[in-house]
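Undergrad: Here it is, the structure in full.
The values are calculated or read from the model by the stated rules, or taken from the named source; none is laboratory data. Worth saying up front: this structure is predicted, and the values here are computed from it rather than measured. Reconstructed Cβ throughout: ideal geometry from the backbone, glycine too, with neighbour counts over all protein chains shown.
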């Protein structure tokens, strides 16, 4: 029953774009016939849910689609820069919201494909001797981060406020100039503290945010005693290596995150898919065609997780974990579309405004192409 429900979803998505031949606007106008596009380049991480795009099983009728691996740092830099080489790109949702509202950015238009989602209770770390045992203990403490405005941090501050009553300004924030996974940082808010620097944030006067020492990453900051906790999407290198001086605030992360989902129904969104606006102007059907392509690729990933004759994922009990996840979160737990994600999207707009990342609050529908509003 669950499998047929998921397949109905992908059939529905495919029907929206199925049979639509994409064509260049000038060619269509002059000949009235569909012409095959020279190519649609898709960029992002190589998740299981895009494998079908990578190997060609999920594509777009009338177009040659190629997949190009890029990490989130690269795709954001390219998309928000002048080049924009990809017609379709993974993007950080909250960085996009910030650029859209604060800078009037319109280089890419979003479609409701939420390609990266992560529960973030796992990303709060504390120094073992800090005395911090519960979220409320963070009040008045120094918290290190490689980026105050990171998507993960925005969600963490959101649930700390909503679930535990801990406000962002209850903590003293230290923004590092280096991360343990990406090295020196050039685009984070610490540049606001340089001579002539301009803050990317819209924080009230006196908000407790200061720069960290040059060349010190978040793990080093914590273990040296310069902060008491870390809030970061990055798992600190010291934690990975088993340093006893650092631990998670929530010891049983899985149970905590599952309880959060049971209570709220939220599955936090990190990254989204955008279509270059100039490509949409040439091919107005492109947003829904891309939506259908990603939906089909997701179904392929679901089918692989369900396969038991020969495991396609290198985890011995992957099928049992998959079944447990479906029981908890529903058959189509990695949900795409506007309506199924309305609550998360409304929270993103609220959190970014309340936390000083944007200068005004907007309706999230403005971010998405109109053809996708009924998904």
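Undergrad: For the range 320-336, how many residues are in contact (Cβ under 8 Å) with a residue 12 or more places away in the chain and assigned to a helix (DSSP H, G or I)?
TA: 4
Undergrad: Give 94, 101 a once-over and let me know the one that is in contact (Cβ under 8 Å) with a residue 40 or more places away in the chain, more than 15 Å from the chain's Cα centre (by Cα) and not assigned by TED's automatic domain parsing to the domain that holds residue 256. Walk me through how you get there before you give the answer.
TA: Values: 94 fails: more than 15 Å from the chain's Cα centre (by Cα).
Answer to the check: 101.
Undergrad: Another question, if that's okay. Output the number of the condition that residue 252 fails; it satisfies all remaining conditions of (1) surrounded by fewer than 18 Cβ atoms within 10 Å (Cβ to Cβ); (2) free of Cβ contacts under 8 Å to residues at least 40 places away in the same chain; (3) touching a helix residue (DSSP H, G or I) at 6+ places or on another chain (Cβ under 7 Å).
TA: (3)
Undergrad: Sticking with this structure for a sec: Tell me, yes or no, whether the range 337-351 has at least one residue that is outside any helix (DSSP H, G or I), touching a helix residue (DSSP H, G or I) at 6+ places or on another chain (Cβ under 6 Å) and either touching a residue at least 60 places away in the same chain (Cβ under 8 Å) or surrounded by fewer than 16 Cβ atoms within 10 Å (Cβ to Cβ) (or both).
TA: Checking the range 337-351: not a single residue is outside any helix (DSSP H, G or I), touching a helix residue (DSSP H, G or I) at 6+ places or on another chain (Cβ under 6 Å) and either touching a residue at least 60 places away in the same chain (Cβ under 8 Å) or surrounded by fewer than 16 Cβ atoms within 10 Å (Cβ to Cβ) (or both).
Undergrad: Would you mind stating whether residue 339 is closer than 24 Å to residue 119 by Cβ and over 19 Å from the mean Cα position of the chain (by Cα)?
TA: Against the criterion (closer than 24 Å to residue 119 by Cβ and over 19 Å from the mean Cα position of the chain (by Cα)), residue 339 does not qualify.
Undergrad: Inspect all residues belonging to the range 306-314 and state whether any of them is touching a residue at least 24 places away in the same chain (Cβ under 8 Å) and buried (at least 16 other Cβ atoms within 10 Å of the Cβ).
TA: Yes, the conditions are met somewhere in the range 306-314.
Undergrad: I'd like to check something: does the range 273-292 contain any residue that is part of a loop (DSSP other than H, G, I, E, B), over 20 Å from the mean Cα position of the chain (by Cα) and surrounded by fewer than 18 Cβ atoms within 10 Å (Cβ to Cβ)?
TA: Yes, that holds for at least one residue.
Undergrad: Let me ask another. Out of all the residues in the range 217-251, which are assigned to a loop (DSSP other than H, G, I, E, B), at pLDDT 95 or above and under 23 Å from the mean Cα position of the chain (by Cα)?
TA: 249, 250 - these are the residues of the range 217-251 that are assigned to a loop (DSSP other than H, G, I, E, B), at pLDDT 95 or above and under 23 Å from the mean Cα position of the chain (by Cα).
Undergrad: Turning to a different aspect of this structure: Any idea which of 214, 262, 296 is assigned to a helix (DSSP H, G or I) and surrounded by fewer than 13 Cβ atoms within 10 Å (Cβ to Cβ)?
TA: The match here is 262.
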